[in-house]
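Report on one structure; see the data block that follows.
The values are calculated or read from the model by the stated rules, or taken from the named source; none is laboratory data. Computed from a predicted model, the values in this text were never measured in an experiment. Quick reminder, even Gly has a Cβ in these numbers, built from the backbone with ideal geometry, and neighbours come from all protein chains shown.
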Amino acid sequence: MKRLFSLIVFIAIVLASLQFWSKQAISFQKEAPEVVIGKYLDAVISSDYQTAKTLVSDQNEDIREWLEFLHFVTRVAPEKLISTIHLAHSLTQHQIMQTDSPGDGTVTIHVESTVPDMEKILEITHSVDEIKSLYENGILPVKQKQGTFILGRENNLWKIKEMEGTSGDSASKIAMDLAEKLLSREEGLKLENEIREYQSKKRSEV
């Protein structure tokens, strides 16, 4: 009876271990570098900059500060600019083209992005509905950009260490650069002053 009980306990431990390692394997698969990049791009496209920031290395302040800046702008900018940023994001498509492992503990992922050519689009129309119509009719001006993400492991999770070229925030950057075409002079000056105050505050915190 004692041997039977010991056998049952042993089997229970083995099954529990198998279940644990199965969960660990699934968790690791979910956090693969390609999945992290997908989560980052999805987060930026949906303007979830807080989630995007959690996927970036603590050591890369440039990306983290850029995401904080985008989050700030989406809270203070006029609705017409925010609508254009969100639309540009929703019409942006990304495809992972290649993954390299150089052997130094990092993974390099090459991404090709198809982004709305906002400069050309705003020469045609400033209307969000008309931009959507251009997209639905397959005549929306777009352009391809190449981007590179370098990931490393931090606390046993893959994090974005470096980013070059296009990214999930490229469309919003274009839209923000063209804010003067979307906003009135008064709106533009107000936004410019708010951005200047934000940047001045950030510099004083350093």
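Points worth noting:
- Scanning segment 118-142 for residues that are within 28 Å of Val56 (Cβ to Cβ) and either modelled with pLDDT of 90 or more or among the hydroxyl-bearing types (Ser, Thr, Tyr) (or both) yields one hit, Val142.
- Within the set Ser57, Ser46, Ser83, the sole residue that is under 24 Å from Arg203 (Cα atoms) and hydroxyl-bearing (Ser, Thr, Tyr) turns out to be Ser57.
- Only one entry in Glu112, Glu79 is assigned by TED's automatic domain parsing to the domain that holds Ser184, surrounded by fewer than 15 Cβ atoms within 10 Å (Cβ to Cβ) and acidic (Asp, Glu), namely Glu79.
- Helices (runs of 4 or more DSSP H) lying entirely in segment 49-129 (those with 3 or more residues that are aromatic (Phe, Trp, Tyr)): 61-76
- The residues of segment 28-55 that are exposed (fewer than 11 other Cβ atoms within 10 Å of the Cβ) and modelled with pLDDT under 50 amount to a single one, Gln29.
- If you check Leu67, Leu134 for being in contact with a Lys or Arg (Cβ under 6 Å, 6 or more places away or on another chain), of a type outside the set (Asp, Glu), surrounded by 15 or more Cβ atoms within 10 Å (Cβ to Cβ) and assigned by TED's automatic domain parsing to the domain that holds Gln199, only one passes: Leu67.
- Tallying residues that are charged (D, E, K, R) and at pLDDT below 90 within segment 144-172 yields 3.
- Ala25, sole failed condition from (1) in the same structural domain as Asn155 (by TED's automatic domain parsing); (2) at pLDDT below 90; (3) part of a helix (DSSP H, G or I): (1)
- From Thr92, Thr74, residue being crowded, with 21+ Cβ neighbours inside 10 Å and either under 30 Å from Arg185 (Cβ atoms) or of a type in the set (Phe, Trp, Tyr) (or both): Thr92
- Scanning segment 106-123 for residues that are among the hydroxyl-bearing types (Ser, Thr, Tyr) and either under 15 Å from Ile150 (Cα atoms) or touching a Phe, Trp or Tyr at 6+ places or on another chain (Cβ under 6 Å) (or both) gives Thr106, Thr108.
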